[in-house]
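Just below is one structure, and these are the notes that go with it.
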Amino acid sequence: MSKPTPISGFPEWSPPQRMIEQYVLDRIRSTFELYGFAPLETRAVEPLEQLLRKGETSKEVYVIRRLQADAEGPAGDDSLGLHFDLTVPFARYVLENAGKLQFPFRRYQIQKVWRGERPQEGRYREFLQADIDIVDRDTLAPHHEAEMPLVVGDALRSLPIPPVRIQVNNRKICEGFYRGVGITDPEAALRAVDKLDKIGPAKVSELLAETAGASEAQAKAALALAEISAPDASFADAVRALGVTDPLLDEGIEELVRVVETAGEHAPGLCVADLRIARGLDYYTGTVYETQLVGYERFGSICSGGRYDNLASAGTVRFPGVGISIGVTRLLGLLFGAGALTVSRDVPTCVLVAVTSEEQRGASNRVAEALRLRGVPTEVSPSAAKFGKQIRHAERRGIPYVWFPGAEQDEVKDIRSGAQVPAEAGVWMPPEVDLKPLVG
């Protein structure tokens, strides 16, 4: 086999990085469950017509096909694609299983997704997302939109990472404002404003004219709205000061005030109302979220989502929902690249049991079994070399303790300090700080 060529955009973490990832996932999962979200996993593929139904995603979807056609195989494989997020498959799942679900249905989903983006730092073609969604039948109470930042804020604060700032907006504010100033294609205007950070105000103004038919005055008003930002409900006064009126605008202001005030009571400083946040996917209809990692703002959002009312419907029955997604791979990739996340050792192993001779390997195996039964990660030395070589093997792998079986008395050595004491496998425990690798 020739030397493999790496494929960009498909990260393969090293074992230490993978241990950090597992630690992060355990913390996120624990927080989701504390808020009552139940686990779910959906299939990796969806019909292309479903994946392409909403949003500007056609260039990013990966399709699947058999290398060789199978006339007797299942039909339709040529019309399937890998899911690019977890919201679209979740909506499909709700429609298929609505008769079995209890509403409002709260689920979390931690799963790989695939997106044909240009690979760069923090952006991948295969990556892990951690989603929560709440969906209900016919109507969804707006207070659920205020709950999303609280869950994500608690999950991310439980990790040894820089602080986060959740930027929130409400699409009703934007759409109502655009209608109020006479822009006839609010959705096109939203998509244009969503590019503000990437292309700047001048280009967005041109885009508003080209795609939304906005006049110079209308484009100026839309950019003035996007400039409004506040850490509290004072954003509402700034919006009203622009002198635009519309019932949908008023509804959006009321809903966003509730989100900001609820977050402020739970965690002051967590949320900021930022009216430039629009989100590029068309299915969002209410509150939208984007999350900045402090110190890494130039890389964009590491957690985003929003309210959707029309993504899942069957006849006259609708299933509105609200969700938010943590880009786990994106978050970790940025921190790994900056050397900002480390683990105290490269392996889970806490104890290496030495082997005095191959004939006595069974005694070492029994020690290891006794330690594992009590939750101590343990492995047995791969060879019965001299004890010095077995100790060096533990040092190279970062294992803190070496256990020496004895004819009458076993001993355990902390190879960092050199301290060696008598020990019994059925009693001895390492300090809590050494039991598992520490992430920091």
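The values are calculated or read from the model by the stated rules, or taken from the named source; none is laboratory data. In this text, all values refer to a predicted model and were calculated from it rather than measured experimentally. Here the Cβ positions follow ideal geometry from the backbone for every residue, glycine too, while neighbour counts run over all protein chains shown. For accessibility, only protein heavy atoms count, side chains too; no ligands or nucleic acids. Shrake-Rupley method; radii C 1.70, N 1.55, O 1.52, S 1.80 Å.
Think of it as helices only: each DSSP H run of n ≥ 4 in the chain is worth -39500 (n - 2.57), and spread over all residues that comes to -11000 deg cm²/dmol at 222 nm. Computed from the C-alpha gyration tensor, the three semi-axes of the ellipsoid equivalent to region 158-315 are 25, 18, 17 Å, from longest to shortest. In whole angstrom, note down how far apart the Cα centers of region 404-440 and region 233-281 are. One Cα centre to the other: 56 Å.
In the distance distribution for region 72-163, Cα-Cα pairs more than 17 Å apart total 66 percent.
Averaged per residue, what accessible area in Å² does region 177-321 show with a 1.4 Å probe, protein chains only? Solvent-accessible surface per residue comes out at 44 Å².
The local environment of GLU96, defined by Cβ-Cβ distances under 13 Å, has a net charge of +2 under the rule Lys, Arg +1 and Asp, Glu -1. Modelled spin labels at SER14 and VAL427, positioned 7 Å past Cα toward Cβ, are 4.0 nm from each other. Please report how far the C-alpha centroid of region 20-34 lies from that of region 322-375, rounded to the nearest whole angstrom. Between the Cα centres of region 20-34 and region 322-375 lies a distance of 17 Å. Computed over all pairs of different Cα atoms, the Kirkwood value for the hydrodynamic radius of region 1-146 is 17.8 Å. Extension gain for GLU254 to GLU49 (0.36 nm times residue separation, less C-alpha to C-alpha distance): 70.3 nm.
The Rg/Rh ratio of the chain, with Rg taken over Cα atoms and Rh as the Kirkwood radius over Cα pairs, comes to 1.08. Can you give me the relative contact order of the chain as a percent, contacts being Cα pairs under 8 Å and 6 or more apart? Reported relative contact order: 16 percent.
Could you give the length gained by full extension between SER215 and SER2, i.e. 0.36 nm per residue of separation minus their alpha carbon distance, to one decimal place? Each step should come with its number before you reach the end.
Values: separation 213, 0.36 × 213 = 76.68 nm, distance 5.97 nm.
Length gained, SER215 through SER2: 70.7 nm.
With R₀ fixed at 60 Å, the C-beta to C-beta distance from ASP138 to GLU359 puts the FRET efficiency at about 0.25.
As a ratio to 2.2 N^0.38 Å, the alpha-carbon radius of gyration for region 330-411 is 1.35.
Surface composition of the chain: carbon plus sulfur atoms hold 51% of the accessible area, using a 1.4 angstrom probe and ignoring ligands, DNA and RNA. FRET efficiency for the pair LEU435 and ASP237, taken as 1/(1 + (r/R0)^6) with r the Cβ-Cβ distance and R0 = 35 Å, rounds to 0.05. Take THR245, project a point 7 Å from its Cα along the Cβ direction, then tell me which residues of region 144-184 have their backbone nitrogen under 14 Å from it. It comes to 180-181, nothing else.
Take the Cα of LEU373, step 7 Å toward its Cβ, do the same at ALA267, and the gap between the two points is 4.3 nm.
With the simple spin-label model, which puts each label point 7 Å out from Cα in the Cβ direction, the SER383 to LYS195 separation comes to 6.2 nm.
The gain in end-to-end length when the ALA314 to GLN68 segment is fully stretched comes to 85.0 nm, 0.36 nm per residue minus the alpha carbon separation.
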